[in-house]
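Reading through the structure tokens given below for one structure.
The values are calculated or read from the model by the stated rules, or taken from the named source; none is laboratory data. As the structure is a computational prediction, the values presented were derived from the model and not from experiment. Positions of Cβ are generated from backbone atoms using ideal geometry, with glycine treated the same way; all protein chains shown enter the neighbour counts.
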Amino acid sequence: MTKDIYENPLISRYASQEMGAIWSAQTKHSTWRRLWLALAESQQQLGLDISDAQLAEMRATLDDIDFDLAAKFELERRHDVMAHVETWGEQCPAAKPIIHLGATSCYVTDNSELLQIRDSLLVTQRRLVQVIDQLARFAAEYRDIPCLGFTHLQAAQPTTVGKRATLWCWDLLLDLEEIEHRLATIRFRGVKGTTGTQATFLSLFNGDHSMVEKLDQLVTQKMGFDKRHAVTGQTYSRKFDSQVMASLNGLAQSCHKAGSDIRILQHRKELEEPFGKKQIGSSAMAYKRNPMRSERMCALARFAMSQQAGTDATMATQWMERTLDDSAIRRLAVPQAFLAVDACLILYRNITDGMVVYPKTIEKHLNEELPFMATEEILMAGVQAGGDRQDLHEVIRVHSQAAAAEVKQNAMPNDLISRLQQDPAFAGIDLTSTLDAKKYIGRAPEQVDAFVADCVEPIRSRYADVLNAATEDLRV
């Protein structure tokens, strides 16, 4: 590999070789040849003068591509599809006259990209299911460990470590629904011709509309699809690209949200992503254990999210039957969005597989705020002992403000309970019993149990083969 030109780090550092291979030149151009073969086979089947010898010649060289020769032809022709037609024609002299017969460039470019998108969605789906499973295991393990909740990033009513993880997991379940929907509804462009009218194919079949329809059906089936775009211009509707990118955008949002939460919790020393025995957190500050995986996941997620706008604009500006300003941007945006999301999910799975929880630190932080959380319980205890609700509320309010001031201004411990114990209004009332954190987590543990049973277990059942597969060698 040359070191004097830019390398895309999505390939060299972040995404899997599997996802990179889907978008490789070899996969792309081998798929073009398979599409040309499927077209020729179907045309022969429907009566066009194409010989078995021509088809055999094509089948023998599907993956044997002379990329140097193709580059030479493209430099001359300024047309990548025709460069590969000529390259294959050099290898298949008998078949050369019938390669690309009746087709337009988008027959191979659009249809091959739909195949690549489908394969990429399948990889994404598999990785997503693995992360869901891993997160659900984490949630179940820590289902009843109380921790501070946060609203506005300020301390709020307690939740549990496991319940918070279900929030991350639920986002991914919604993303999985979107990915599954895209896979269920993906359509082949098919054999539609130069502007989508199939005029050239109608000419080939001497005006027989039924034969053109059969040709479209046959090629669609040969390439593994059961649905076709009902109508197209020269390209399939770029609306589909926008929809796929929206699904990837949403998945990236979920990765970013969880990554941000983990980074904040690691800052609080309550939770920590995996850290290698010889890993260096900082080149200067040797003690540091930075959340580099979560930070990288957020960075890559942000990049994936940024690809949506260009795809939407491409859809919006497809003039009439097609403009070519969709080509360069789609070569960048679609593959790179998949590669970035692939990297995010690899990181996410690695993080959740080895995430470390620090219960004592979580308890310490919770106890620092718990007296404030317990004020309603304290108020009820006072009322049950015969106190006036409004008077007790005022007493609690005054002492709470004073205790908070000491915490903020003088860095003192939260002494609200001590203050209330010394106030005659709460004489004889056991206030320490109000500081049991589990009194304030509501149904969080039961919600985790129900979530895993009702939402995750059906996914585990549907994707048992994915979850039983060997763990990939993941770059992290």
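Quick rundown of the values:
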quantity: Any chance ASN367 is polar (S, T, N, Q) and out of contact with any Asp or Glu (no Cβ under 7 Å at 6 or more places or on another chain); calculated: yes
quantity: Filter pass, LEU345 being in contact with a Ser or Thr (Cβ under 8 Å, 6 or more places away or on another chain), touching a residue at least 24 places away in the same chain (Cβ under 8 Å), crowded, with 23+ Cβ neighbours inside 10 Å and of a type outside the set (S, T, N, Q); calculated: yes
quantity: Which listed residue is touching a residue at least 40 places away in the same chain (Cβ under 8 Å) and assigned by TED's automatic domain parsing to the domain that holds CYS298, from LEU339, LEU366, LEU370; calculated: LEU339
quantity: Condition check for GLN336: surrounded by 18 or more Cβ atoms within 10 Å (Cβ to Cβ), over 18 Å from ILE22 (Cα atoms) and of a type outside the set (Ser, Thr, Tyr); calculated: no
quantity: Test result for ARG322, modelled with pLDDT under 95, surrounded by fewer than 22 Cβ atoms within 10 Å (Cβ to Cβ), in the same structural domain as LEU148 (by TED's automatic domain parsing) and assigned to a loop (DSSP other than H, G, I, E, B); calculated: yes
quantity: Restricting segment 211-225 to residues that are of a type in the set (A, V, I, L, M, F, W, C) and in a helix (DSSP H, G or I), the residue that is nearest to LEU37 (Cα to Cα); calculated: VAL219
quantity: The one condition in (1) at pLDDT below 95; (2) of a type in the set (Ser, Thr, Tyr); (3) under 31 Å from the mean Cα position of the chain (by Cα) that THR195 fails to fulfil; calculated: (3)
quantity: Scan of segment 66-118 for residues that are among the basic types (Lys, Arg), modelled with pLDDT of 95 or more and either buried (at least 21 other Cβ atoms within 10 Å of the Cβ) or in a loop (DSSP other than H, G, I, E, B) (or both), ordered by number; calculated: none
quantity: Residue check for ASP63: out of contact with any helix residue (DSSP H, G or I) (no Cβ under 9 Å at 6 or more places or on another chain), surrounded by fewer than 22 Cβ atoms within 10 Å (Cβ to Cβ) and farther than 30 Å from GLY233 by Cβ; calculated: no
quantity: Residue that is nearest to the chain's Cα centre (by Cα), among those in segment 226-241 that are part of a helix (DSSP H, G or I) and charged (D, E, K, R); calculated: ASP241
quantity: Residue in segment 352-377 that is nearest to ALA404 (Cα to Cα), counting only those that are β-branched (Val, Ile, Thr) and buried (at least 23 other Cβ atoms within 10 Å of the Cβ); calculated: ILE362
quantity: Residue list for segment 1-42, filter: in a helix (DSSP H, G or I) and among the hydroxyl-bearing types (Ser, Thr, Tyr); calculated: SER12, TYR14, THR27, SER30, THR31, SER42
quantity: Options SER16, SER12: the member that is of a type in the set (Ser, Thr, Tyr) and touching a helix residue (DSSP H, G or I) at 6+ places or on another chain (Cβ under 9 Å); calculated: SER16
quantity: Any pair with Cβ under 8 angstrom, 6 or more apart, that starts in segment 61-76 at a residue that is without any contact (Cβ under 8 Å) to a residue 40 or more places away in the chain and in the same structural domain as GLY89 (by TED's automatic domain parsing) and ends at one that is buried (at least 16 other Cβ atoms within 10 Å of the Cβ) and not in a helix (DSSP H, G or I); calculated: THR61/CYS92
quantity: Residue within segment 402-412 that is of a type outside the set (Gly, Ala, Ser), outside any helix (DSSP H, G or I) and in the same structural domain as ASN367 (by TED's automatic domain parsing) present; calculated: yes
quantity: Filtered residues of segment 39-89 (kept if within 20 Å of VAL191 (Cα to Cα), more than 38 Å from the chain's Cα centre (by Cα) and among the polar types (S, T, N, Q)); calculated: GLN43, GLN44, GLN45
quantity: Scope segment 1-57; condition touching a Phe, Trp or Tyr at 6+ places or on another chain (Cβ under 7 Å), within 30 Å of HIS209 (Cβ to Cβ) and loosely packed, with under 12 Cβ neighbours inside 10 Å; matching residues; calculated: none
quantity: Residue list for segment 443-476, filter: at pLDDT 90 or above, surrounded by 15 or more Cβ atoms within 10 Å (Cβ to Cβ) and part of a loop (DSSP other than H, G, I, E, B); calculated: TYR463
quantity: Matching residues, segment 325-377, being among the β-branched types (Val, Ile, Thr), at pLDDT below 90 and over 30 Å from LYS439 (Cα atoms); calculated: ILE329
